[in-house]
Amino acid sequence: DDFAKGFGLNTSWANPVAINQYGDAKNKNRLEYSMFNISIAPRYDFNSNLYATTLFYYALSNNNQRAFVPMTGTPDFYIDGVGTSQNRASAFNAKQESLFSDTKVDWTYRNKAHYLNLIGGFRYTNDHYVSALQEGHNTGNDKTPNVSGSLNFSDVSGVDETWRSFAYYANADYNYKYKYFVQGGLSMETSSRFGRDVEAGLKLAGVHWGLFPSIQTAWLLSSEDFFNREALGINSLKLSAGYDVSGNDDVAITASRTSLSATRFMNGSVGLVLNNIGNTGIQWETTHRLRVGLDLTEYNNILAFSLNFFKSYTNNLLTLKSLPEITGEGYYWSNDGSLENIGLDFGVRFKLLNRKNWKWELGANATAYKNKITALPDGDYTTTIYGANVLTSVGRAAGVFYGYETDGVYATQQEAEEAGLTLVSTTGEVTPFAAGDMKFVDHVQDGIINEKDMVVIGNPNPDVYGNLYSNLSYKRLSLNMNFNYSFGNDIYNYQRSQLESGSQFFNQTTALNRRWIAEGHHTDIPKATFGDPMGNSRFSDRWIEDGSYLRLRSVTLSYELPVNSVWLQGLTVWATANNLFTLTNYLGSDPEVWAGNSVLYQGIDRGLTAQGRSVLMGIKINL
């Protein structure tokens with residue numbers, strides 16, 4: 001530290017051991033969490049063909065946290081524009097209430113030739129979330145860790161959000177002699193996330209409803225009299241096709257409303273500022289999906305195949321649209337985008353053994369898809385997520401990584417000078433790359449490495465993904481294994497970009513032992529330079545890795561005890577082991593990563609704890 005301070009560098013870091021010891025972690029840092037949930041599903045049978053049922057679910061969760069960062073063992077730090085903090089106390093509490101109900105009536109009619117099932121009902125969802133965060137600095141000593149109004153730089157923030165959804169739905173399922181199948185459905189749904197000035201859909205009871213129809217058809221060709229199953233070795237052959245429309249309301253709760261938020265000025269006065277400009281015309285994002293398929297079983301049901309082709313179009317895509325600068329806000333939600341998907345599902349099942357005592361079934365399925373953005377409100381744009389540039393561009397897949405391409409490290413000064421590449425600062429200062437710097441590819445060939453040289457460097461969408469399984473049983477003993485896999489997907493290893501940047505005083509991985517250290521040193525890791533003035537650790541393909549993997553997801557061993565009585569119909573003892581091993585070349589802790597729910601967050605490893613191994617044991621009782 002003294003050496004670094006001699007060069008004007010601040011390297012004061014907190015010691016986690018000191019935080020636990022002087023912060024009295026058990027007494028001053030506390031997490032209390034409670035959860036209550038209940039579900040009820042009463043049913044009333046009018047007769048053997050007609051019944052009504054309601055599923056009611058309620059959940060309540062409370063989260064209370066208290067945190068304290070002591071002055072002993074941690075350095076003072078400066079809050080930009082405010083002042084110096086010696087210690088910090090904070091308190092957070094949150095409550096979430098979720099209510100869901102689904103009421104339906106189910107009627108069935110059947111005879112030798114016809115089967116008809118009609119279902120009608122309605123669903124209601126209500127979700128309320130409220131939270132408050134209080135924070136203050138400089139309590140005077142480490143013995144007074146509580147938040148109070150007398151603390152310096154005190155701040156209060158919170159959230160109070162409610163989301164509601166209501167839907168009516170109806171479904172009809174009909175088949176004739178189990179040869180010809182037709183299934184139709186229609187749902188009408190409204191969401192509190194949307195505005196009052198929606199033009200599309202149906203307006204009823206003062207709100208706008210989205211209409212989502214669906215129809216699925218199938219033909220059991222092998223049941224026809226003209227179909228010679230024995231000659232073809234086919235047990236069953238079914239052709240199917242379907243079309244459906246679905247809706248998506250995954251948008252900010254306040255997207256349709258103009259809102260204000262509290263802000264502090266000069267750490268004194270509290271005022272309100274414009275937080276969001278609402279779009280009262282925002283509506284459901286709708287996806288139209290067409291599917292055709294084939295299901296085939298052969299050789300006395302020993303071998304089975306399924307093949308499905310699908311294509312979908314998404315209209316009214318929920319996107320952020322730019323606002324004029326005079327508004328003071330950058331973007332607002334709109335329905336001005338569109339995209340399309342095309343894909344193929346394939347499944348196969350093989351009964352390797354099918355004897356009295358021994359049974360063994362192997363199976364696999366695979367899915368491949370390609371998506372493409374077809375329209376955007378303001379053209380292409382990038383979103384910065386954990387230092388990554390995620391490109392949203394017409395004609396490209398959603399979520400691709402956009403950065404710099406590299407070609408190794410300059411081993412000698414002569415090699416760097418022959419390349420002749422430079423950086424140009426905002427003030428016009430020109431700095432040439434030197435030995436030990438990364439070789440960035442100059443795509444526009446102007447001798448300057450800048451944003452013009454950025455290209456697509458990775459795609460988080462896999463070429464193919466799916467599952468493998470094996471079910472083996474001997475009499476009452478069963479062993480089931482399930483694998484899942486993904487191939488061809490790229491991952492941005494954010495954690496490695498921090499632990500191998502070589503530009504800060506953070507601990508680094510042992511990969512830095514390979515860093516460039518002398519003239520003529522050939523390596524793939526650049527020299528370590530505080531502050532990274534040449535941008536060697538910028539977002540580039542250096543941090544993009546192949547995320548392909550094969551994982552043994554679960555192994556279950558079960559034994560069905562020979563129990564059968566009036567009050568006990570079955571007793572099964574089982575044990576399951578999860579995440580036993582993963583085969584991958586990915587250097588991060590887990591290749592199965594997703595930084596958030598948005599499509600833009602796929603394939604981003606932000607360093608979360610990997611999925612660990614676990615063993616579960618239990619008893620299943622059938623009464």
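The figures follow:
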item: Region 222-315: chymotrypsin sites (Phe, Trp or Tyr not before Pro) in DSSP loop, at most 15 other beta carbons within 10 Å; result: 226, 227, 299
item: Relative contact order of region 154-301, pairs being alpha-carbon contacts under 8 Å that are 6 or more residues apart, as %; result: 23 percent
item: Eligible lysines near residue 452 by straight Cα distance, threshold 30 Å, same-chain separation 8 or greater; result: 321, 370, 372, 439, 527
item: Label-point separation in nm, residue 80 to residue 234, each point 7 Å along Cα→Cβ; result: 6.7 nm
item: Too-long pairs where the Cα-Cα distance tops 32 Å, listed order kept, from 356/620; 179/311; 179/359; 311/620; result: 311/620
item: Within the accessible area of region 310-455 (1.4 Å probe), percent carbon and sulfur; result: 52 percent
item: Cα-based reach from residue 143 at 25 Å (exclusive), listing lysines while leaving out same-chain residues under 8 positions away; result: 26, 28
item: Two-decimal Rg to Rh for region 505-623 - Kirkwood Rh, Cα set; result: 1.25
item: Relative contact order of the chain, pairs being alpha-carbon contacts under 8 Å that are 6 or more residues apart, as %; result: 6 percent
item: Percent accessible area from carbon and sulfur atoms, region 86-132, protein chains only, probe 1.4 Å; result: 56 percent
item: Sequence-separation-based contact order of region 302-421, relative, with Cα cut under 8 Å and 6+ spacing, percent; result: 19 percent
item: Under 29 Å from the Cα of residue 177 - lysines, other chains or at least 8 residues apart; result: 104, 112, 238, 351
item: Sulfur and carbon atoms: percent of accessible area, region 148-304 [1.4 Å]; result: 56 percent
item: Packing-based order for 386-396, 405-415, 490-500, using average beta carbon neighbours within 10 Å, highest first; result: 490-500, 386-396, 405-415
item: Once the Cα gyration tensor of region 307-446 is diagonalised, semi-axes √(5λ) in Å; result: 46, 30, 12
item: Probe 1.4 Å, protein heavy atoms only - accessible area per residue of the chain in square angstrom; result: 57 Å²
item: Per-peptide average of other Cβ atoms within 10 Å, ordering 479-485, 159-165 highest first; result: 479-485, 159-165
item: Pairwise centroid distance, computed over Cα atoms, of region 385-437 with region 233-312, Å; result: 36 Å
item: Sequence-distant residues sharing a close amide H with residue 339 (under 5 Å, placed H); result: 314, 374
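The values are calculated or read from the model by the stated rules, or taken from the named source; none is laboratory data. On a predicted model such as this, the values are computed, not experimentally measured, just so you know. Quick reminder, even Gly has a Cβ in these numbers, built from the backbone with ideal geometry, and neighbours come from all protein chains shown. Quick note on the areas: whole protein, heavy atoms, side chains included, nothing else; ligands and nucleic acids left out. Shrake-Rupley method; radii C 1.70, N 1.55, O 1.52, S 1.80 Å.
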